[in-house]
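Reading through the structure tokens given below for one structure.
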Amino acid sequence: MSDTIKRILNFLLALVMLCACAHADEPAVPDGEAEMRERFENSLVIPAVKNLCDIFTDRLGKRSCGSFVKQDSPAWDALIRYDDGYFQKTRSGYCENISISGWVKTSDTTFECDAHATSRVILVRNAIELKYECGYHLCFEKNTARRDKWYLTDFSMLPSAQDAEKAERLTRENEGISVYPYTGKCFSGYMMVIDDPSRVFVGVIDKFSNAIGGLRIDALADKYGAVAAINGGCFQDGNGISSGGVPVGYLVSEGRLLGRNIYTNDWCNIVMGFTADDTLVVGRYQDKELEKLELRDALAFYPVLLRDGKKVQINFPLAYTARSAIGQDAEGRVLMFTAKGRQPDSPGASLEDLQEVMLYFGAVTAGNLDGGSSATMYLNGESVYSGYPLDVSRQLPAVFLVRPVEK
């Protein structure tokens, strides 16, 4: 072997040993909470919390998350599917009162912790300030290819004490109606359970006209003397800011047929309604089939979530956003769910999330209602949640209402 080849081999061996030593010297996750806090809290975790709050309030573009989120991770997928806020690019604000707890070392290159923060959002157009109490469970991982480079790989929402207290109070104050908080991966929301399905019906505005516009959900409830409501189905809303005065698709209110089935619009051809014996049906029907069903109250949206207690396959991924759904369990109880969305304490739910929620509460039949800024739950004079933060709800032409208990 020549001297030149020996020198090359010795150089390569030394390089390998140097790399091995450098890799061995790479800092691992400390064992103790105090050491993890000292090393990661200010340099990694708090900036990640601020960035999440900024993304969920439109102060930071979600595609800029590559600086702190690992691509092709659950956190990356969730942020990319987030559908942005209602007041896109018109907000200012800040994240404060950040506290980190629950430090857990899961390996030498991964750790988890819990974060709580207050996100204040100031609406530019009218200077109204909104405050959100946020709770996140965060997972971090070191990129072994880059020394000391750490990324957020996953996050989920922490249950809210305020949501639990509100649900308990609403249940206590309303006969025959129970409200439960629910926290999913990227959202929190409320399930309203109505024991008597005969109390649920569809309420509508007096005249369908975009010139006149629809009514907000509290006004629709007052019109019928209803105690509770959830938003309904399709309506003309081409630019997302219509007056909500014209429903689309099949529509029946208290036995009156007000709208026919429309087969050309996939978002308006799933009928969700109640038969004379108070059974919820959700599906795609021809006109003759609907005549035989003799629905007493119904409206239309898309898609079917559950049929016969099983998930219906959904072939398109939709963004994480505010959502509403209606279902019925085997005992006949009506389930009305609203997922909060487009805000830092609850980015939103997917359609798959709605399926999981409905199954958790025992639904055998369920359908997805209009979401986004239309998503609304109203109970006993109170807006439990509105996806339209400027008011109790958007203007709407038709909603599901709940009558008072008959005495």
Amide H contacts of Leu305 (H built 1.01 Å from N, under 5 Å, at least 5 apart or other chain): Ala366, Gly367, Asn368
- request: Run the quick spin-label model on Asp195 and Val124: label points 7 Å from Cα toward the beta carbon, then report their separation in nm to one decimal.
  value: 5.1
- prompt: Leaving out same-chain residues fewer than 8 places away, which aspartates and glutamates sit with a Cα under 18 Å from that of Lys407?
  reply: Glu173, Glu175, Asp195, Asp196
Packing-based exposure ordering (other Cβ within 10 Å, fewest first) of Glu33, Glu406: Glu406, Glu33
query: Viscosity 1.567 mPa s, temperature 4 °C: Stokes-Einstein D of the range 164-297 from its Kirkwood Cα radius, in µm² per second?
result: 78
- line: Phi angles of the range 278-290, converted by Karplus (6.51 cos²θ - 1.76 cosθ + 1.60, θ = phi - 60°) into ³J(HN,Hα) in whole Hz with x for Gly and Pro, give 6, 8, 7, 10, 9, x, 9, 10, 7, 4, 5, 5, 5
query: What list of ³J(HN,Hα) values in whole Hz, one per residue of the range 31-48 in order, does the Karplus curve 6.51 cos²θ - 1.76 cosθ + 1.60 (θ = phi - 60°) give from phi, with Gly and Pro shown as x?
result: 6, x, 4, 4, 5, 5, 4, 4, 7, 10, 4, 7, 8, 10, 6, 4, x, 5
Length added when fully stretched, Asp308-Ala219, from 0.36 nm per residue minus Cα-Cα: 28.5 nm
- prompt: What percent does the relative contact order of the chain come to when contacts are Cα pairs within less than 8 Å and at least six residues apart?
  reply: 16
task: Take every Cα pair under 8 Å in the range 161-402 that's 6+ residues apart, average their separations, divide by the length, and report that relative contact order as a whole percent.
output: 27
message: Give me the three principal axis extents of the range 170-247 from the C-alpha atoms, as integers in angstrom, largest value leading.
response: 40, 34, 18
query: What length, rounded to one decimal in nm, is gained on full extension from Glu133 through to Trp267, with 0.36 nm per residue of separation minus their alpha-carbon distance?
result: 44.8 nm
statement: If R0 = 60 Å, then Asn97 and Ile212, at their Cβ-Cβ distance, give a FRET efficiency to the nearest 0.05 of 0.85
Dimensions (Å) - the range 161-402, Cα atoms, principal axes, largest first: 48, 40, 37
task: Multiply the residue separation of Ser107 and Thr275 by 0.36 nm, subtract the distance between their alpha-carbon atoms, and state the gained length in nm to one decimal.
output: 54.9 nm
- prompt: Taking the range 277-407 as the region of interest, what is the percent of Cα-Cα pairs per 5 angstrom bin, listed from the shortest bin to the one with the maximum distance?
  reply: 2, 10, 19, 22, 21, 16, 8, 3, 1, 0
task: Go through the range 50-56 residue by residue and turn each phi into a ³J(HN,Hα) via Karplus (6.51, -1.76, 1.60, θ = phi - 60°); whole Hz please, and just put x for glycine and proline.
output: 4, 5, 4, 4, 5, 5, 6
message: Would you report the distance distribution of C-alpha pairs in the chain as whole percents per 20 angstrom bin, up to the bin with the largest distance?
response: 25, 48, 19, 6, 2, 0
- line: Given backbone amide H placed at 1.01 Å from N, residues whose amide H is under 5 Å from that of Ala375, ignoring those fewer than 5 places away on the same chain, are Gly387
- prompt: Looking at the square roots a ≥ b ≥ c of the eigenvalues of the Cα gyration tensor of the range 58-179, which shape do they give, rounded for a/c under 1.5, prolate if a/b is larger than b/c, or oblate?
  reply: oblate
task: Could you calculate the FRET efficiency of Arg39 with Asp391 from 1/(1 + (r/R0)^6), where r is the beta carbon distance between them and R0 is 51 Å, rounded to 0.05?
output: 0.65
query: Quick one: of the DSSP bridges fully inside the range 23-157, what percent are antiparallel, nearest 5?
result: 95
- request: Along Cα→Cβ, 7 Å out, is where each label goes; now give me the distance between the ones at Asn315 and Val405 in nm to one decimal.
  value: 4.6
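Read the figures in this text as sums done on the coordinates, not as results from a lab. No experiment lies behind these values; they were computed from the predicted model shown. Because the Cβ atoms are built from the backbone with ideal geometry, glycine has one as well, and the counts that use them run over all protein chains shown.
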